[in-house]
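Chemist: Attaching a single structure in structure tokens format; questions to follow.
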Amino acid sequence: MSTRKANLDPEQIDAIEGRLAGTLRPVSPPKDFVQRLRGHIHFPERSEIVVRLQDWRRLILVFGGVLSGTVAILTVARALYHLIGRRHIG
């Protein structure tokens, strides 16, 4: 791209805007697609969420698993960084 500013007169800008307005129109998805998508999305009821949160053993297991996975990923990433970084330095 050039660093110079293009000097367009207002008529050229209006012509470009008019052409884009005719070309770029909103597109609505088919109704059957929207209905299938709504069928796949399921939000649990509040009572179901409360029951899941009260199961504290499972909750601790989930948090522990996420934390362990994060630590493992960070450890592997750090090891790879040090291994690859030393090759480029030397």
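No value in this document is a laboratory result; all are computed from the given coordinates. From a predicted model like this one, the values you see are computed outputs, not experimental measurements. Positions of Cβ are backbone-derived with ideal geometry, glycine not excepted, and every protein chain shown enters the neighbour counts.
Chemist: Starting from 0 in steps of 10 Å, tell me what percent of the Cα-Cα pairs of the chain lands in each bin.
Modeler: 11, 13, 14, 15, 21, 21, 4
Chemist: Kindly provide the helix-only [θ] at 222 nm of the chain, computed as the sum of -39,500 (n - 2.57) over DSSP H runs of four or more divided by all residues, to the nearest 500 deg cm²/dmol?
Modeler: For the chain, the value works out to -25000 deg cm²/dmol.
Chemist: Put +1 on the Cβ of every Lys and Arg and -1 on every Asp and Glu Cβ in the chain; which of Gln12, Leu83, His40 then has its Cα farthest towards the positive end of the dipole?
Modeler: Leu83
Chemist: Helix hunt in the chain: which complete DSSP H runs extend at least 15 Å axially by C-alpha with mean Kyte-Doolittle at least 1.6?
Modeler: TM-like helix candidates: nothing returned.
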